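A short write-up of the structure that comes next.
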Amino acid sequence: MLYFLLYFNNYWIYYSNYSVTFWHMNLPNEQQAHDLIEKYSSSTQQHLYQVWAIMKYFAKKLWEDEHYWWLVGVLHDIDWDHIEKDGSKHMKEDFEKILAEIDAPDELLWDIRAHWFFLEWIEEEPDTLVRKYINAVDELSGFIWAYFRMIPSEDVMDIKVSSIKKKLKDKAFAAWVDREHTKNCETMLDIPLDAFIEDIKCALKESDREWKK
Ligand SMILES: [Fe+2]
Ligand SMILES: [Fe+2]
């Protein structure tokens, strides 16, 4: 059996005949992320955990760094309740102070900030895979969840892609979801909306969390 352990650019890389595993150095662990959510997040918690599960799913699918991707997912709106959902304060001083509590590296802050790249104070562009995915997942997963809460089924796999697409045209439904950003999978990743919705369903189904409707 062939295997080796290598340190490169803040990553430990373990290679064997069967797998390649990456560990990023200096990253907050799961307990730290949970503690931060408990401390700063309330009504947004479920959204954070859903985006966590979905980002983790995609990282696994793409052979990317699962730990890093779920951190981007689970912390992307960590300041949202704390700033009382005031978009003009999102990912500014409070966000930096909160993430400093767990010594989050700058790289993580930059990648998270890219999920609102369209705001004037955000310099980070969605120009890497993890940034594109957080953009593709964020609004769309919120919309899918809003739709799922409305239907009687308790199984996310019962969500019909055609129904989601139809509901997206209904501007009065989940009006807080920016419809333009629900197409990020197509514009940023060149993945058809249908396929991306199916993946989000699978990610929620596969996650070991119970989603409270
Ligand atoms: Fe956000
Ligand atoms: Fe979000």
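Beyond 28 Å in Cα-Cα separation lie the following of the pairs Lys92/Lys167; Lys60/Lys167; Lys92/Lys165; Lys160/Lys183: Lys92/Lys167; Lys60/Lys167; Lys92/Lys165. The value given for segment 28-206 is a Kirkwood hydrodynamic radius of 16.5 Å, derived from the mean inverse Cα-Cα separation. Which listed residue (Phe143, Ser153, Leu109) has the Cα farthest towards the positive end of the charge dipole for segment 103-186, taking +1 on Lys and Arg C-beta and -1 on Asp and Glu C-beta about the Cα centre? Farthest towards the positive end: Ser153.
Pairs with C-alpha atoms separated by more than 22 Å, drawn from the list Lys166/Lys201; Lys61/Lys201; Lys169/Lys201; Lys39/Lys97; Lys56/Lys212; Lys97/Lys205, are Lys97/Lys205.
Each peptide in 67-74, 91-98 gets a packing score, the mean of other Cβ atoms within 10 Å over its residues, and the list from highest to lowest is 67-74, 91-98.
The charge dipole of segment 1-110, taken about its Cα centre with unit charges on the Cβ atoms of Lys, Arg (+1), Asp and Glu (-1) only, comes to about 460 debye. Residue order for Phe118, Phe4, Phe58, fewest other beta carbons within 10 angstrom first, comes to Phe4, Phe118, Phe58. Helix 45-62 and the long axis of the chain differ in direction by around 60°, with both axes built from C-alpha atoms.
Normalising the average separation of contacting C-alpha pairs (under 8 angstrom, six or more residues apart) by the number of residues puts the relative contact order of the chain at 16 percent. The charge dipole of the chain, taken about its Cα centre with unit charges on the Cβ of Lys, Arg, Asp and Glu (plus for the first two, minus for the last two), comes to roughly 980 debye. For segment 183-188, putting each phi into the Karplus relation 6.51 cos²θ - 1.76 cosθ + 1.60 with θ = phi - 60° gives couplings of 9, 4, 4, 7, 6, 9 Hz, in residue order, rounded to whole numbers and with x for Gly and Pro.
Coupling constants for segment 170-180 follow from the phi torsions by the Karplus curve (6.51 cos²θ - 1.76 cosθ + 1.60, θ = phi - 60°), and in residue order they are 7, 5, 6, 7, 6, 4, 6, 8, 6, 4, 4 Hz; glycine and proline get x. For helix 30-40, what angle does its Cα long axis make with the longest principal axis of the chain, in degrees from 0 to 90 and rounded to 10? Between helix and principal axis, roughly 40 degrees. Would you work out if segment 79-147 is rounded, prolate or oblate? Take a ≥ b ≥ c from the square roots of the eigenvalues of the alpha-carbon gyration tensor; rounded if a/c is under 1.5, else prolate when a/b is larger than b/c, oblate otherwise. Because a/c hits 1.5 or more and a/b fails to exceed b/c, segment 79-147 counts as oblate.
Identify the residues of segment 177-213 with backbone N under 18 Å of a label point that sits 7 angstrom from the Cα of Glu154 along the Cα-to-Cβ direction, or state none. Correct set: 204-213. With the charge dipole of the chain set up from +1 on Lys and Arg Cβ and -1 on Asp and Glu Cβ about the Cα centre, the Cα lying farthest toward the positive end among the listed residues Ser162, Leu119, Cys185 is that of Ser162.
Taking packing as the residue-averaged number of other Cβ atoms within 10 angstrom, the listed peptides 135-141, 201-207, 103-109, 121-127 run from highest to lowest as 135-141, 201-207, 103-109, 121-127.
In order along segment 113-126, the phi-based Karplus estimate (6.51 cos²θ - 1.76 cosθ + 1.60, θ = phi - 60°) of 3J(HN,Hα) comes to 4, 5, 6, 10, 4, 7, 7, 5, 8, 9, 8, 6, 9, x Hz; Gly and Pro are listed as x. Computed from the alpha carbon positions, the gyration tensor of segment 50-110 leads to an equivalent ellipsoid with semi-axes of 23, 13, 8 Å, biggest first.
None of the figures in this text is laboratory data; all of them are computed from the coordinates on show. What you see is a predicted model, and the numbers here were worked out from it, not measured in a lab. Note: ideal-geometry Cβ built from the backbone for every residue, glycine included; neighbour counts use all protein chains shown.
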